[in-house]
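Student: One structure, as structure tokens, below. Some questions next.
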Amino acid sequence: MIQEERLWQRLMELGEIGRQPTGGITRLSFTKEERAAKEKVAAYMKEAGLFVYEDAAGNLIGRKEGTDKDAPVVLVGSHLDSVYNGGMFDGPLGVLAAVEVVQTMNENGVETKHPIEVVAFTDEEGARFRFGMIGSRAMAGALSADELNYQDANGVSVAEAMQEAGLNPHHIGKAARKPGSVKAYVELHIEQGRVLEEANLPVGIVTGIAGLVWVKFTVEGKAEHAGATPMPLRRDPLVAAAQIIEVIEQEAKETGTTVGTVGQLHVFPGGINIIPERVEFVLDLRDLDAAVRDNVLQSINEQAQKIGKERNVKVTTELLQEMPPVLCSELVQNAAKEACQKLGLDVFSLPSGASHDGVQLVGLCPIGMIFVRSQDGVSHSPDEWSTKEDCAAGANVLYHTVLRLATGE
Ligand code: HGY
Ligand code: MN
Ligand code: MN
């Protein structure tokens, strides 16, 4: 069994890095907060007896050698970057549980055929730039050089941020893993929803991960005086945007499985007494079925253009990122099921509405995830919480899952 106290202490310690006065954690990719978190985890990895290194994409990796050092590795981990003002479990639980798993193996002299590599992926959340999963995309060889030119809100590109962090963006291709070199990828993560809580269970096995699109809407009208412009003469992009956002809610509700969110909206120039000139907002649209998601998107786009015409404003869209829904492999799901049975835990399967790095690795190796119950289903918020007992239960399931995968053929 893993050491519950050590895992919890490390979670609490790591949870202080990037803590904001608002109570949440902000640890964006390639920032000093993320660097500090990586240094802390690198120290834990060394305590666990791992060989620690960073790959060309800035993924932090701790390797436990296998008895067959050329056998495909079992990859296990998650991410250390966060959303703005986020919680302390989303990402770190998976990384620290993975460290705890291999440290427990090493402390008990447990050898495995396959090498095991613990990974903390760079920029899973995409909070800083316009897309996420930079580290796992690089590992899958799916990151093009021109994507490194995208800039953050301060005009700093991914490439520049990497250079500032001591990485050479031109070498990003070196992070790609050869096909066949990874046996499986397993990630422990908080559920970030209410299903396990409703089922009154600490742990669940993920069947598949929803596919998402991020679409940037730009609505252009005419800046005019707030006091001197009669209502019928206005070309107000913010009211049009509000109508489009209502359409998003209606269309997502329609299917019963789709979720649509607008969490980021900017008004230009933003004066109290100015009818806005331009409004920009990003739609996050998801469904386990890509065809359903894309039909909803098409309907939203059609209605958005209609609203634009009616209000004499210009509506344009730009796809920022698209991730297909993926299924978790039977190999990993079965290993996790056996682990739950061994531990006397219910075998309970559920889909993931949240997206995760495994989505990027599905072309490289079989993937799978284990969920830990989230209190009130809250995440991406300072109120994100899971209990010490549930985190330990998840880490023990991860231990036996990884052991099964790393010792088997
Ligand atoms: O957005 C997500 O689903 C994940 O937290 N990056
Ligand atoms: Mn997240
Ligand atoms: Mn996450």
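Read-outs: derived from the displayed coordinates by stated rules, not from any lab. Given the structure is predicted, the values throughout are model-derived calculations rather than measurements. We place every Cβ from the backbone using ideal geometry, glycine too, and count neighbours over all the protein chains shown.
Student: Out of all DSSP beta bridges with both ends in the chain, state the antiparallel percent to the nearest 5.
Tutor: 70
Student: Quick one: length gained pulling residue 12 to residue 110 fully straight, 0.36 nm per residue minus the C-alpha distance?
Tutor: 32.5 nm
Student: Mind checking the full-extension length gain between residue 142 and residue 316? Use 0.36 nm per residue of separation minus the Cα-Cα distance, one decimal, nm.
Tutor: Full extension of this stretch gives 59.9 nm more.
Student: In deg cm²/dmol, rounded to 500, what helix-only [θ] at 222 nm does the chain give when every DSSP H run of at least 4 residues adds -39500 (n - 2.57) and the total is split over its residues?
Tutor: Computed mean residue ellipticity for the chain: -10500 deg cm²/dmol.
Student: Where does helix 290-311 land angle-wise versus the long Cα axis of the chain, in degrees 0 to 90, nearest 10?
Tutor: 20
Student: Using a Gaussian network model of the chain with C-alpha springs under 10 Å, which one of 234, 278, 35 is most mobile by mean-square fluctuation?
Tutor: Ranking 234, 278, 35 by mean-square fluctuation puts 234 first.
Student: In addition: Given a Förster distance of 41 Å, report the FRET efficiency between residue 199 and residue 163 from their Cβ-Cβ distance, rounded to the nearest 0.05.
Tutor: The formula returns an efficiency of 0.30 here.
Student: Applying 1/(1 + (r/R0)^6) with R0 = 22 Å to the Cβ-Cβ distance of residue 409 and residue 207, what FRET efficiency is obtained, to the nearest 0.05?
Tutor: Given R0 = 22 Å and the Cβ-Cβ separation, E is 0.35.
Student: Compute, for region 270-328, the length of the dipole vector about the Cα centre, with Cβ point charges of +1 (Lys, Arg) and -1 (Asp, Glu) only. Units Debye, rounded to 20.
Tutor: 280
Student: Would you mind checking the pairs 46/178; 216/309; 69/183; 38/342 and listing those with alpha carbons more than 22 angstrom apart?
Tutor: With Cα atoms farther than 22 Å apart: 46/178; 38/342.
Student: Work out the FRET efficiency for residue 262 and residue 71 from their Cβ-Cβ distance, taking R0 = 41 Å, and round it to the nearest 0.05.
Tutor: 0.30
Student: Next question, about the same structure. Ordered by packing density, taken as the mean number of other Cβ atoms within 10 Å over each peptide's residues, highest first, how do 115-123, 160-168 rank?
Tutor: Numbers: 115-123: 27.9, 160-168: 16.6.
Taking the mean over residues of other Cβ atoms within 10 Å, the ranking is 115-123, 160-168.
Student: I would also like to ask the following. Measuring from label point to label point, each 7 Å out along Cα→Cβ, what is the residue 226 to residue 46 span in nm?
Tutor: Going by the 7 Å Cα→Cβ label model, 5.6 nm.
Student: For a footprinting-style exposure proxy, rank 12, 231 by other Cβ within 10 Å, fewest first.
Tutor: 231, 12
Student: State the Cα centre-to-centre distance between region 118-159 and region 205-240 in whole Å.
Tutor: Each part's Cα centre sits 26 Å from the other's.
Student: Oh, and also: Return 101, 296 ranked ascending by Cβ neighbour count within 10 Å, so the fewest neighbours appear first.
Tutor: By the 10 Å Cβ count, ascending, the order reads 296, 101.
Student: To the nearest 20 debye, what charge dipole does region 211-323 have about its Cα centre, counting +1 at the Cβ of each Lys and Arg and -1 at the Cβ of each Asp and Glu?
Tutor: Computed charge dipole of region 211-323: roughly 420 debye.
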